[in-house]
Amino acid sequence: FKGGDTCEYLLSSGRFLGEKVWQPHSCMMHKYKNSEAKNCLIDKHVVFIGDSRIRQLFYSFIKLINPQVKEEGNKHGNIPFEDKSASIKVDFLWYPEVNGSMRQRIKSWTESSAAKPHIIVAGAATWSIKIHNGSNEALAQYKINITSIAPLLEKLAKTSDVYWVLQDPVYEDMLSESRKMITNEKIDAYNEAAVHILNSSSRNSKAKVKVFSVSKLIAQETIMKSTDGLHLPESSRDTNAMILMNVYCNKIMKPIDGSCCQPQPPLTLIQKLAFCFFTLSIIGYLIISLIHRNNYRKSKTCTDLESGEEKKPAISTPDVSTLKMLLHSFCKLGLIMTYFYLCDRANLFMKENKFYTHSSFFIPIVYILVLGVFYTENTKETKVLNREQTDEWKGWMQLVILIYHMSGASTFLPVYMHIRVLVAAYLFQTGYGHFSYFWIKGDFGVYRVCQVLFRLNFLVVVLCIVMDRPYQFYYFVPLVTVWFMIIYATLAIWPQIVQKKANGNCLWHFGLLLKLVCLLTCIYFLSYSQGAFEKIFSFWPLSKCFELNGNVYEWWFRWKLDRYVVFHGMLFAFIYLALQKRQMISEGKGDPLFSNRVSNVLLFISIVSFLAYSIWASSCKNKTECNELHPSVSVLQILAFILIRNIPGYVRSVYSSFFAWFGKISLELFICQYHIWLAADTKGILVLIPGYPMFNVLVSTFIFVCVAHEISQITNDLAQIVVPKDNSTLLKRLLCVAGFFSGLHLFSAMQDQSRH
């Protein structure tokens, strides 16, 4: 509402999330690690000049560079710090009053031909109040002194970053007798004088002293925890130092989750071409619509006055209607992608950091579960994992994952481990669904492969272009795409074993099991041979798809985390379809899957297994160790859920239409959340309506779900046009796609070269 200067917001406003997490107004603050701080400040000279409060800030700042630093040395003297490995110098200069001495020091920097400090942090006032017993004469002298210093600071601000730290409030009840004259009323008067005088001569200039007033807001919430009523507690000082680091370093380091003080990234060549393409699509659609409307009016059914016969309207040719549908789809997609760009690339909407609380995760979970149970309907068929049931499964899992991402629940390990099972369950369905299709249909044609690949990847490819992100960034789509190709290759290579062939000779079942064993062996080998895995995916053009930040480690980690679950899905599908073929299970409406005794035993084992996994996941202490066990044990909870959901006949014959609706657009929901529900590439939360968190979530969620549903329809429409059933036409389209990606690669290489 007030403009887009996030630096000013960072320095002047914000609030606490909980007790320790500071949230700047409208933007996200990055938590800098020691290595990042060093990289930002390499070859830099930083100076802190002022009193004991500035000394505290100095120590918190250098601890971001070297956490081992101890607060030692002369408290009322200068303190030097140097990190020789990165050539960083940080000095504290003891000038407790704004007087002639401080002015002389600042003046020496303006007159010296030597290099000036890159960052200057200054501030003082409490000593003036204390020494002069809070007299009005001291305040008048402070105004005179700061008036003489202000032009010098403004001159330095042309070449350096200069910050004036306003005085924090005190906790008057805890002040010692010698400090009782330091009152909040006096501090406010000194701060008002500083703000009024600083930058008075350069209000319309870019070079000005930055007023660091946010410390006052932080102190108002935390000064009660002070040990002496004057100095801030350590956590508050650390927050101030982190804010200072964000103000200076974000524009240099450009962290994804540090939107404060980051300029809007310039449009890339590919983004400009995409903008032109969508603009032409909109213009083309409008032209065709106008022509179609005019033709319709001219040829509208009317009665011939002479003959009394009706004239039939001209029917549009298939080519025209196909072109119109194509342009209509791209027109809608262009408008949607504009919204994506405005939400997460332009500095138009606000972004905030996530903050996890148990209530922010579990209350929405309970709410959607109640809604899901409320919308219960009968299924069209009562088979195990029928279409309605799998849509329902995907739907409630996707909603839980969305709440998990929005609430920042990844910081709570038990929730993280259960969400890992949900992601594994998606991949289990990938193995189950694609294996069942190829096994039953025996359709290994190119059309089927192209249809699946298009539906999986269309949105992600568009987002890679519009949002300037690598393919691997949307890790789940590469994951399901690669696993689909692995399933296809496993079943399509000679000998092609399908259900129809296996029914004629049972030995073919053993042949298929041998294929699955070979697949499992390959998975096991690659999971324990990182070098071999990275070599495979480091070859061009695979490297262009699977590299992230210059290497394929992230891709290896993601693949390894759920390496067995797709195999488990394929094996489950094989066993289930074999039992179904031999009529060893009962799938009638209301009938239990097995005999009562077997059903009860399996239900008991499933419930125990389900609870046992939850207890184990809840007792996890170390994410790395639990991730190592997860690929082997996640299938237990997945199978337990399937049996609990399908063994009782009544449970198998009903489903939640609420969850199933979301399940049909689950892929679009998963991908769209990156940019139009969350923000900063999932690191933060998009804020469309500031100051009203619940209302903001309602509005952004409504838009997000509508957009995901619309994109799903667009993808389905385009799939019918782009992937035709005729093989010769399909081959031509594939050549066009190859040309498109070759051009994309060429432009990408040009972009990379211009960046370097």
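The values are calculated or read from the model by the stated rules, or taken from the named source; none is laboratory data. The shown structure was predicted, so the numbers you read here are calculated from the model rather than taken from an experiment. As a convention, Cβ positions derive from the backbone with ideal geometry for all residues, glycine included, and neighbour counts pool all protein chains shown. SASA here: full protein model, heavy atoms, side chains in, ligands and nucleic acids out. Shrake-Rupley method; radii C 1.70, N 1.55, O 1.52, S 1.80 Å.
Note on the stretch 361-393: residues that are open to solvent by 50 Å² or more (accessible area, probe 1.4 Å) and of a type in the set (Val, Ile, Thr) amount to 5.
Residues in the stretch 587-629 that are among the hydroxyl-bearing types (Ser, Thr, Tyr), touching a residue at least 60 places away in the same chain (Cβ under 8 Å) and in contact with a Pro (Cβ under 7 Å, 6 or more places away or on another chain): Ser618 only. Filtered by the rule that a residue be assigned to a loop (DSSP other than H, G, I, E, B) and among the aliphatic types (A, V, I, L, M), the stretch 77-103 gives Ala86, Val98.
Within the set Thr376, Thr430, the sole residue that is touching a residue at least 40 places away in the same chain (Cβ under 8 Å), among the polar types (S, T, N, Q) and either in the same structural domain as Val705 (by the TED database) or under 20 Å from Val705 (Cβ atoms) (or both) turns out to be Thr430. Look at the stretch 129-151: where a residue is free of Cβ contacts under 8 Å to residues at least 40 places away in the same chain and closer than 15 Å to Asn191 by Cβ and a partner is open to solvent by less than 30 Å² (accessible area, probe 1.4 Å) and among the small types (Gly, Ala, Ser), sitting 6+ places away or on another chain with Cβ atoms under 9 Å, you get Ala138/Ser128.
Restricting attention to the stretch 347-360, the residues being open to solvent by less than 40 Å² (accessible area, probe 1.4 Å) and either among the acidic types (Asp, Glu) or more than 23 Å from His25 (Cα to Cα) (or both) number 1.
Scanning the stretch 556-565 for residues that are touching a His at 6+ places or on another chain (Cβ under 9 Å) and of a type in the set (A, V, I, L, M, F, W, C) turns up just one, Leu561. Just one of the listed residues (Asn78, Asn39, Asn66, Asn34) is over 22 Å from Cys261 (Cα atoms), in contact with a helix residue (DSSP H, G or I) (Cβ under 9 Å, 6 or more places away or on another chain) and surrounded by fewer than 20 Cβ atoms within 10 Å (Cβ to Cβ), namely Asn66. How many residues are more than 20 Å from Thr390 (Cα to Cα) and assigned to a helix (DSSP H, G or I) when one looks only at the stretch 579-602? Final tally of qualifying residues: 8. In the set (1) surrounded by fewer than 21 Cβ atoms within 10 Å (Cβ to Cβ); (2) under 27 Å from the mean Cα position of the chain (by Cα), Pro724 fails one condition alone, (2).
Considering the stretch 168-255, the qualifying helices (runs of 4 or more DSSP H), each wholly inside and each with 3 or more residues that are open to solvent by 60 Å² or more (accessible area, probe 1.4 Å), run over 184-197, 234-253. When Ala749, Ala719 are checked against the criterion of being under 28 Å from the mean Cα position of the chain (by Cα), closer than 24 Å to Leu335 by Cβ and in a helix (DSSP H, G or I), a single residue qualifies: Ala719.
Does Val635 satisfy being among the aliphatic types (A, V, I, L, M) and touching a His at 6+ places or on another chain (Cβ under 6 Å)? So Val635 passes the test. Please tell me if Phe574 is farther than 27 Å from Arg469 by Cα, modelled with pLDDT of 95 or more and of a type outside the set (A, V, I, L, M). In short, yes. Within the stretch 30-44, is even one residue in contact with a Phe, Trp or Tyr (Cβ under 6 Å, 6 or more places away or on another chain) and either outside any loop (DSSP other than H, G, I, E, B) or assigned by the TED database to the domain that holds Asp228 (or both)? No, every residue in the stretch 30-44 fails to be in contact with a Phe, Trp or Tyr (Cβ under 6 Å, 6 or more places away or on another chain) and either outside any loop (DSSP other than H, G, I, E, B) or assigned by the TED database to the domain that holds Asp228 (or both).
Screening Lys254 against (1) closer than 24 Å to Ser26 by Cα; (2) touching a residue at least 12 places away in the same chain (Cβ under 8 Å); (3) not small (Gly, Ala, Ser) leaves a single unmet condition, (2). Just one of the listed residues (Ala114, Ala157) is surrounded by fewer than 20 Cβ atoms within 10 Å (Cβ to Cβ), of a type in the set (A, V, I, L, M, F, W, C), modelled with pLDDT under 95 and under 22 Å from Phe58 (Cβ atoms), namely Ala114. Taking the stretch 6-27 as the range and being touching a Gly at 6+ places or on another chain (Cβ under 8 Å) and either open to solvent by 50 Å² or more (accessible area, probe 1.4 Å) or free of Cβ contacts under 8 Å to residues at least 60 places away in the same chain (or both) as the test, only His25 passes. Does the stretch 657-672 include one or more residues that are over 30 Å from Phe604 (Cα atoms), in contact with a strand residue (DSSP E or B) (Cβ under 7 Å, 6 or more places away or on another chain) and either modelled with pLDDT under 95 or not in a helix (DSSP H, G or I) (or both)? No, because not a single residue in the stretch 657-672 is over 30 Å from Phe604 (Cα atoms), in contact with a strand residue (DSSP E or B) (Cβ under 7 Å, 6 or more places away or on another chain) and either modelled with pLDDT under 95 or not in a helix (DSSP H, G or I) (or both). Where helices (runs of 4 or more DSSP H) fall entirely within the stretch 504-554, those with at least 3 residues that are touching a residue at least 24 places away in the same chain (Cβ under 8 Å) and under 27 Å from Val461 (Cβ atoms) are at 542-546.
Every condition in (1) assigned by the TED database to the domain that holds Tyr650; (2) open to solvent by 50 Å² or more (accessible area, probe 1.4 Å) is met by Met397 except one, and the failing one is (2).
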